[in-house]
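Input: a single structure, listed below in structure tokens.
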Amino acid sequence: MGNTLPLTDMPLGTAIHNIEITLGKGGQLARAAGAVAKLIAKEGKSATLRLPSGEVRLISKNCLATVGQVGNVGANQKSLGRAGSKCWLGKRPVVRGVVMNPVDHPHGGEGRAQIGRKKPTTPWGYPALGRRSRKRKKI
């Protein structure tokens, strides 16, 4: 819980979270447990941020952000201990495509571990590795 200010009022190098992309829309970036972004530069009407993913992004200087880091840093490191504990949280088992039937996944069937294609695919037939999935219109 920190102070929420426009990026214009923050010094460079400030650790921030819960950052707006569009003014007045509410925080959308760096909201996960332990997440923190850094204000790198301010030029003209925009500010440059380094997000937790490592992406460097331009945002309007008038957008609001909260100073500091999101709490509960170790949330993703908690050991649930057993499958039942995950079940209570609504987490389903992750089943590999090669152990499914051909009707369920492109890697399924054949009885052997070979996937039978040049490259791995998603259950819907799209390339699973190497293909960019981010839209080109994104800033």
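Where a number appears in this text, it was derived from the coordinates with a stated rule and is not lab data. No experiment lies behind these values; they were computed from the predicted model shown. For neighbour counting, all protein chains shown are included, and Cβ atoms are generated from backbone atoms with ideal geometry for every residue, glycine included.
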message: Over the chain, with a Gaussian network built from C-alpha contacts below 10 Å, which listed residue (GLN69, GLN114, GLN28) shows the highest mean-square fluctuation?
response: GLN114
task: With Kirkwood radius over Cα pairs in Å defined as stated, name the option among [x] 15.0; [y] 18.6; [z] 15.5 computed from the structure displayed.
output: [y]
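Sort 49-55, 104-110, 89-95 by the packing proxy (mean of other Cβ within 10 Å over each peptide's residues), most packed first. Please list the in-between numbers first.
Details: 49-55: 14.0, 104-110: 16.6, 89-95: 7.6.
Averaged packing, sorted descending, gives the order 104-110, 49-55, 89-95.
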Order of ARG136, ARG112 under a 10 Å beta carbon neighbour criterion, fewest first: ARG136, ARG112
Distance between modelled label sites at GLU55 and ASN76, nm, 7 Å Cα→Cβ extension: 1.5 nm
message: Can you give the Rg/Rh ratio of the stretch 4-67, where Rg is from the C-alpha atoms and Rh is the Kirkwood radius?
response: 0.90
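Pairs of lysine in the chain with Cα under 16 Å and at least 8 positions apart or on different chains: total? Working shown, then result.
Details: LYS25/LYS61; LYS38/LYS61; LYS42/LYS61; LYS45/LYS61; LYS78/LYS86; LYS78/LYS91.
Total qualifying Lys-Lys pairs in the chain comes to 6.
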query: Tell me, Kirkwood radius of the stretch 79-125 from alpha-carbon pair distances, in Å?
result: 12.3 Å
